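The structure appears right after this line, and notes come after that.
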Amino acid sequence: MRLFSTILLTVATLFFYGCEDSAKKLVMVTTATFPPYEYVSGDKIDGIDPEIIIRISERLGYSVEIQDMSFDSVLAAVQSGKADIAASGITVTEERKKKVDFTTPYVIAEQLIIVKNDSPIKSAADLMKKRIGVQHGTTGDSYVTENIGEPERYKEAPTAVAALIAGKLDAVVIDSEPAKVYVSRNPGLKLLKKPLTYEEYAFAVSKDNPELLKKINTELIKMQQSGELESIIKHYKEINSESSQNGAISDNKTFLERIKDSFQTNFAKNNRYMYLVKGFIVTLEVTFFAVILGIIIGFTVAVIRSCADQTGKLKIADMLCKIYLTVIRGTPVVVQLMIIYFVIFSSVNVDKVLVAIVAFGINSGAYVAEIIRGGIMAVDKGQMEAGRSLGLSYIQSMKSIILPQAFKNVLPALGNEFIVLLKETSVSGYIALQDLTKGGDIIRSQTYDAFLPLIAVALIYLAVVIFLSYMLGILEKRLKKNE
Amino acid sequence: MNENIFEIRNLTKKFSHVTAVNNVSTDIKRGEAVFIVGPSGSGKSTFLRCLNLLETPSGGKIFFKGQDVEKLNINKFRQQLGMVFQHFNLFPNMTIHDNIVLAPVKTELATAKEASKTADLLLKRIGLYDKRNSYPNQLSGGQKQRVAIIRALAMNPDVLLFDEPTSALDPEMVGEVLTLMKELANDGMTMAVVTHEIGFAAGVADRIIFMDQGQIITSGTPETVIENPVNPRVKEFFSKVL
């Protein structure tokens, strides 16, 4: 299946997208929920890391493409060659040095502890046996894991902070700069003065690319010596603490006023609703084409398997289909999505929407295949016999007689599968595709408000599902009439 | 009578534990109406289904118009036979008209226009032209079976095979189907019919084959087989059903 899909996808990629010239372009990966180092501002990703990388690249004569993905994927992206450089407030550790090469550190950062104002936690010593939130894959994560106990790992720092505010956590351990921003925006939170640990930030480059590493180091040292580096860091810290004052919510407002304010901040301000609109379009795009791919694969597999059952032919194809069904139905779709993106397509530059369509299409195909096979088996045996007795071939009988009846029988189950698929696409964020759910995440990371963005995302999914169910009902009724 | 449509030699069909058809040999001539009768489980239906290879024979040979059927293209071969089933097996997702024209058009026996004309003529003949745009579920059992018969006829077959065509019908529906079958027999259609309608068989058959336990016990005109049976088993059977 892997070989098959690789070939299929390579062909599709060449067909739709052509080959991109990567010679003069650096792909930088980051997790844009880590102000002031990196964050989404309007349409672009801004912050200390992007700024430094852009300046260095300009001097080296490269253009830069910045991609946003979850932090636990950025090093993998560099390692697999999907990206040239990871710049995401990455702390240098021995563990990470085994996987990638690090540039000279450009900042010394501390891991700070955030608690609620009324928290009994006064120092690192009080953290034992407490519920501690961290951003998955960060230094805070590994330090807490090794020295204190199992933390609760969040994909993004703002979610951990939101959990702390909601009382789901006792403390959050994250890097000092973002920690200061979060605390300044949330009046109910404070920082413990003594940092939990110290660390150095550096950029990560693939071990296969020592030349790039050397070039970046040369430029980085020049920037350090000229004081340029320091001024960039100062600049971003300033603009972030300014914007944080605007974002603080004052407490003497009525509930309705607060909802109205929250609505303003989450959707109207800076046209943030566009994240939802764009994400919604991506979600629909992925779902629509994945459904079509799933139906094509599903019908093919179902017919091959039924043919093997009924006539004893196509034994080898039947075996392949069984392997496909077992593997796809036996593994989570998130894992499949990431394998397709990071392993199968590691060396080709391919559009993420296409990857998602292929991953969800292949996944859905397995379920559709079994649904349709069930439908085929439920059609009376006499129907096939009648078709064959009239001199129609197996394929002709299948196409004209059996499949139309099977399709009608399984329509409710198919509709259900497509509704599930629509909602499953919400894991697209794992490969940094900005779908509807991810759009909501971005708003949350900017406004530090979990309630409205999540509710809005949920309502949009709900509306689509209600619409889909309604359309399926009409189709079912129309097909039923023909009896 | 003239040429042989079917020559069956030592035909055997075994299922995992039972031998349903055991060493059967007989001929079916052009224009002949052959009725196959016998007790339940005697292998009549299996024998009939072997003729158009819905069952693959375990042994023996079947020749169709002089050619070994194993060597024929199975679809081309079946296009020359018509099969009528106990449960009609009309296609519920298509109109009556579409049920009839599907096979002639798909097998490129006729253009859509020609097939449609033939279908209309056949529907008029059985008095169901006004049902051409109805769906099978809107028809009575007798109507369904008559449509199934003309669906087979639309392929202009050399022979029609009937597998207990009236067994699933309400008693008041049986007559209309038998009338149509009799008309076809009178027109000289070659037919092989598996049935329990002994009285009908006696009136229409050119030849009766009596089967029991997978074998042909006796074969001959209705007079010799039904009215004056020699074999005690045959005698016993007819004394019970008549």
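The values are calculated or read from the model by the stated rules, or taken from the named source; none is laboratory data. Here the structure is a predicted model, which means the values were calculated and not measured. FYI the Cβ positions are ideal-geometry reconstructions off the backbone, even for glycines, and counts take in every protein chain you see.
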What are the residues in the range A:93-117 that are crowded, with 17+ Cβ neighbours inside 10 Å and within 26 Å of the chain's Cα centre (by Cα), if any?
A:96, A:100, A:101, A:102, A:111
Of (1) within 14 Å of chain A (Cβ to nearest Cβ); (2) among the polar types (S, T, N, Q); (3) within 18 Å of the chain's Cα centre (by Cα); (4) not in a loop (DSSP other than H, G, I, E, B), residue B:143 fails just (1)
Check off (1) in contact (Cβ under 8 Å) with a residue 24 or more places away in the chain; (2) crowded, with 17+ Cβ neighbours inside 10 Å; (3) touching a helix residue (DSSP H, G or I) at 6+ places or on another chain (Cβ under 8 Å) for residue B:134 and give me the number that stays unchecked.
(2)
On the basis of being basic (Lys, Arg) and free of Cβ contacts under 8 Å to residues at least 12 places away in the same chain, does residue B:76 make the cut?
yes
Listed by first then second residue, the pairs whose first member lies in the range A:438-458 and is closer than 16 Å to residue A:282 by Cβ, whose partner is buried (at least 23 other Cβ atoms within 10 Å of the Cβ) and among the aromatic types (Phe, Trp, Tyr), with beta carbons under 7 Å and at least 6 positions apart or on separate chains, are A:439/A:275; A:442/A:275; A:443/A:275
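Of the residues that make up the range B:15-29, is at least one of a type in the set (Phe, Trp, Tyr), away from chain A (no Cβ under 14 Å) and outside any loop (DSSP other than H, G, I, E, B)?
Within the range B:15-29, not a single residue is of a type in the set (Phe, Trp, Tyr), away from chain A (no Cβ under 14 Å) and outside any loop (DSSP other than H, G, I, E, B).
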If only one of B:25, B:58, B:40, B:16 is within 20 Å of residue B:191 (Cα to Cα) and surrounded by fewer than 20 Cβ atoms within 10 Å (Cβ to Cβ), which one is it?
B:25
Just the residues that are surrounded by fewer than 23 Cβ atoms within 10 Å (Cβ to Cβ), part of a helix (DSSP H, G or I), of a type in the set (A, V, I, L, M) and within 14 Å of chain B (Cβ to nearest Cβ), please, taken from the range A:348-397.
A:378, A:384, A:395
Criterion first (free of Cβ contacts under 8 Å to residues at least 40 places away in the same chain, surrounded by 15 or more Cβ atoms within 10 Å (Cβ to Cβ), part of a helix (DSSP H, G or I) and not small (Gly, Ala, Ser)) does residue A:304 satisfy it?
yes
Looking at this structure, is residue A:329 in the same structural domain as residue A:295 (by TED's automatic domain parsing), among the basic types (Lys, Arg) and farther than 30 Å from residue B:102 by Cβ?
yes
Just to check your reading of the model, which residue among A:425, A:437 is surrounded by 19 or more Cβ atoms within 10 Å (Cβ to Cβ) and over 21 Å from residue A:293 (Cα atoms)?
A:437
Quick one: would you say residue B:48 is facing another protein chain (nearest Cβ under 8 Å) and either closer than 25 Å to residue B:24 by Cβ or of a type outside the set (S, T, N, Q) (or both)?
no
Can you tell me which of (1) facing chain A (nearest Cβ under 8 Å); (2) of a type in the set (S, T, N, Q); (3) under 18 Å from the mean Cα position of the chain (by Cα) is the one residue B:93 doesn't meet?
(3)
Considering residues of the range B:51-90 that are charged (D, E, K, R) and more than 14 Å from chain A (Cβ to nearest Cβ) only, the residue farthest from residue B:24 (Cα to Cα):
B:71
